[in-house]
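Every number here is computed from the coordinates shown, using simple stated rules; none is lab data. As the structure is a prediction and not an experimental result, all values here were calculated from the model. Neighbour counts run over all protein chains shown; Cβ positions are idealised from the backbone, glycine included.
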């Protein structure tokens with residue numbers, strides 16, 4: 001598959017200034033659990049970063065996100081995503097948006113299985129779509145996101161992330177907002193990564 005063909009199927013990948021590799025962005029307006037949480041003060045989704053700033057400043061970004069969302073049902077989406085993501089050593093699923101269905105999650109798992117040279121990280125609030133832990137490929141880490149700022153860590157999944165008002169383990173705020181050499185989010189030995197509330 002040619003790169004131009006793959007991108008025509010899936011839409012383009014995103015490259016944020018913060019992270020070391022490519023990522024994939026869907027519209028945060030279409031988050032399912034997130035749509036409920038963003039109405040609730042004290043949750044990480046309240047004041048969602050993906051519903052402001054550049055995400056809404058440039059209409060082309062929102063248009064591209066909805067193109068990617070529509071592409072999820074394409075018969076060749078999985079192989080196109082394999083082509084797109086295998087170029088990156090580090091890949092983040094959904095710097096905006098979230099998993100849409102069990103079928104979507106299964107497709108992501110297959111992409112990861114077919115790109116063993118890429119380390120994949122998938123943060124999610126979508127508990128109903130989590131796979132069986134034994135079905136998660138070794139090169140993929142799924143982090144279940146906490147539903148409350150400063151709330152308890154979930155015991156419903158193997159790896160988690162949380163948002164805290166103090167004691168964050170993510171070093172990006174002290175590094176000009178960048179990961180730099182840090183790869184905690186992709187590291188399966190680290191059970192929880194906490195991010196400072198902003």
- [ ] For n ≥ 4 DSSP H runs only, could you compute -39500 (n - 2.57) per run for the chain, divide by its residues and tell me the 222 nm figure to the nearest 500?
- [x] -7000 deg cm²/dmol
Open item on the list: I want to verify a result. In a Gaussian network model of the chain, Cα cutoff 10 Å, which of these has the top mean-square fluctuation: 16, 43, 155?
Closed with: 155
Open item on the list: Among DSSP bridges having both ends in the range 3-150, what percentage is antiparallel? Round to the nearest 5.
Closed with: 10 percent
Open item on the list: With viscosity set to 1.567 mPa s at 4 °C, what whole-number translational diffusion coefficient in µm²/s follows for the range 36-139 from Stokes-Einstein and a Kirkwood radius over Cα pairs?
Closed with: 85 µm²/s
Open item on the list: If the elastic network links every pair of Cα atoms under 10 Å, which of 15, 180, 153 fluctuates the most in the Gaussian network model of the chain?
Closed with: 180
Task: Helix 102-113 vs. the chain, principal-axis angle (Cα, 0 to 90°, nearest 10) - done: 80 degrees
Task: Part-to-part distance (alpha-carbon centres) for the range 100-123 and the range 1-29, which is given in Å - done: 14 Å
- [ ] Kindly rank 79-85, 114-120, 28-34 from highest to lowest mean number of other beta carbons found within 10 Å of each residue.
- [x] 79-85, 28-34, 114-120
- [ ] With everything on Cα atoms, drop me the angle between helix 59-71 and the longest principal axis of the chain, reported from 0 to 90° to the nearest 10.
- [x] 70 degrees
Open item on the list: Relative to 2.2 N^0.38 Å, what does the C-alpha radius of gyration of the range 38-77 come to as a ratio? Two decimals please.
Closed with: 1.52
Task: Relative counts (whole %) of C-alpha pair distances in the chain, using bins that are 5 Å wide - done: 1, 8, 15, 21, 22, 18, 10, 4, 1, 0
